[in-house]
Amino acid sequence: MAIQNILKLALVLAACLTCVPAIAAKPNDAAAIPHLDSGGKEGFREFLTAGKHRAFVIAPGGAWAWKGGELTVDSAVDGAIQACQNGTEQPCVPYVVNDKIVFDAKRWTTLWGPYQNRAKAAKAYTGKERGSRFFDLAIKSPTGKPMKLSDLRGKVVVLHFWGTWCPPCRREMPELQELYQELGASSGVQLVLLQMREDFATAHQWAQQRHLSLPLHDSGVTEMGTESLALANGKAIPDRRLAVAFPTTYVLDKHGIVVFSHVGPIEGWLQYLPFLQDVAAKSGK
């Protein structure tokens, strides 16, 4: 094994010294793995039956992968990370290597960074990919005041595209409500929930009937089935360019730069609280 590979392996295994054992009492506890959905838990159970050498890696947002029966631990870690990165823009990190938890809980909440400074953010291209500046949408505030998405610069924005006609969207609203309550008014994090393909009154009435106090912004859609949104420059953009499926969520830092995106419902919204607090504390410099 090359010297650099030996050093890499040593660093991975050394992570055990900084992990928080309370996160998983046992290396086979799938329920303790952060951001892992039911499919990931099933994958983890398959991983546990694989031969050595093996590695299971995860990324913020729920991406995961594993390799088992490899010639070396090093090749298992590298292969799992590569497979995981094919499905996410977030950094993938080892969780279990062979029979040891190597998860670094302190580093976990910093994986959305490092965040761009003001000068670098000013040069960012417009888009929806990580590191780009999100499209400047023309929307309305929860009180009906016309505004632009860029008016929220200086705050971390959780931008969420949803609709009452969308069953997965409806199911995750109670958890979003819990996240909103945990964040509080002085958190520096602003939730912007935009209804898709229906008018604002329909979305607002649905939320009221379920006693949700989430800050619903108005996407500007006025007719059922409308598939485009207005931009601040007067042009329009197809909603499928922003979200290939609903719900879709983006997290924008204080400069309006995308630091996280996720297509589909998110399981365990409260698990994202430390990440959002990290963006609020460290971005916008």
### Message
List pairs: first residue in the range 80-105 and farther than 15 Å from LYS67 by Cβ, second residue hydroxyl-bearing (Ser, Thr, Tyr) and crowded, with 19+ Cβ neighbours inside 10 Å anywhere in the structure, Cβ distance under 8 angstrom, at least six positions apart or on different chains.
### Response
GLU89/SER261; ILE101/TYR95; PHE103/TYR95
### Task
Please go through the range 105-146 and pick out each residue that is surrounded by fewer than 18 Cβ atoms within 10 Å (Cβ to Cβ), over 20 Å from LEU193 (Cβ atoms) and β-branched (Val, Ile, Thr).
THR110, THR126
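Matching residues to (1) crowded, with 20+ Cβ neighbours inside 10 Å; (2) under 17 Å from TRP112 (Cβ atoms):
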position	(1), (2)
GLU198	yes, no
TRP206	no, no
PRO215	no, no
THR249	yes, yes
LEU252	yes, yes
GLY284	yes, yes
### Query
Among the residues of the range 245-267, how many are modelled with pLDDT under 95 and of a type in the set (A, V, I, L, M)?
2
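So, in the range 219-253, exactly how many residues are of a type in the set (Val, Ile, Thr), in contact with a helix residue (DSSP H, G or I) (Cβ under 9 Å, 6 or more places away or on another chain) and under 30 Å from PHE275 (Cα atoms)? Write out each step before concluding.
Just the residues of the range 219-253 that are of a type in the set (Val, Ile, Thr), to begin with: 221-222, 226, 237, 244, 248-249, 251.
Subsequent filtering for residues that are in contact with a helix residue (DSSP H, G or I) (Cβ under 9 Å, 6 or more places away or on another chain) retains 221-222, 226, 248, 251.
Keeping just the survivors that are under 30 Å from PHE275 (Cα atoms) gives 248, 251.
Looking only at that region, the number is 2.
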### Task
Can you confirm whether the range 78-95 contains a residue that is open to solvent by 10 Å² or more (accessible area, probe 1.4 Å) and more than 25 Å from PHE275 (Cα to Cα)?
yes
### Query
With respect to the numbered conditions (1) of a type outside the set (Gly, Ala, Ser); (2) more than 23 Å from ARG133 (Cβ to Cβ); (3) surrounded by 20 or more Cβ atoms within 10 Å (Cβ to Cβ), which one is the sole condition not fulfilled by ARG171?
(3)
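So which residues in the range 89-102 are under 26 Å from GLY113 (Cβ atoms) and part of a loop (DSSP other than H, G, I, E, B)? Working first, answer last.
Taking the range 89-102 and keeping what is under 26 Å from GLY113 (Cβ atoms), we get 89-97, 101-102.
GLU89, GLN90, PRO91, CYS92, VAL102 - these are the residues of the range 89-102 that are under 26 Å from GLY113 (Cβ atoms) and part of a loop (DSSP other than H, G, I, E, B).
Scan the range 234-285 for residues that are of a type outside the set (A, V, I, L, M, F, W, C), part of a strand (DSSP E or B) and closer than 14 Å to LEU191 by Cβ and jot them down. Spell out how you get there, then give the answer.
Narrowing the range 234-285 to residues of a type outside the set (A, V, I, L, M, F, W, C): 234-235, 238-241, 247-250, 253-256, 261-262, 264-265, 267-268, 271-272, 274, 277-278, 282-285.
In the following step, the residues that additionally are part of a strand (DSSP E or B) were identified as 238, 248-250, 261-262.
Across the range 234-285, the qualifying residues are THR249, TYR250.
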### Message
What pairs come out if I take residues in the range 43-56 that are closer than 11 Å to ALA80 by Cβ and pair them with residues that are of a type in the set (Ser, Thr, Tyr) whose C-beta lies under 8 Å away, six or more apart or interchain?
### Response
HIS53/THR72; HIS53/SER75; PHE56/TYR95
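Being under 24 Å from GLN277 (Cα atoms), open to solvent by less than 10 Å² (accessible area, probe 1.4 Å) and of a type outside the set (Phe, Trp, Tyr): is that true of LEU152 here?
On the way: under 24 Å from GLN277 (Cα atoms): yes; open to solvent by less than 10 Å² (accessible area, probe 1.4 Å): no; of a type outside the set (Phe, Trp, Tyr): yes.
So LEU152 does not fit the description; no.
Just the residues that are among the β-branched types (Val, Ile, Thr), free of Cβ contacts under 8 Å to residues at least 12 places away in the same chain and in a strand (DSSP E or B), please, taken from the range 115-165.
Correct list: THR126 only.
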### Task
Please specify each residue of the range 62-88 satisfying the condition of being part of a helix (DSSP H, G or I) and not aliphatic (A, V, I, L, M).
ASP74, SER75, ASP78, GLY79, GLN82, CYS84, GLN85
### Task
Search the range 174-203 for residues being in a helix (DSSP H, G or I), within 15 Å of TYR272 (Cβ to Cβ) and among the aliphatic types (A, V, I, L, M), and hand back the single one that is modelled with the lowest pLDDT.
LEU183
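The values are calculated or read from the model by the stated rules, or taken from the named source; none is laboratory data. Values in this document were obtained by computation on a predicted structure and should not be read as measured data. When we count neighbours, we look across all protein chains shown, and the Cβ atoms used for this are built from the backbone with ideal geometry, even at glycine. Areas reflect the complete protein model, heavy atoms only, side chains present, ligands, DNA and RNA absent. Shrake-Rupley method; radii C 1.70, N 1.55, O 1.52, S 1.80 Å.
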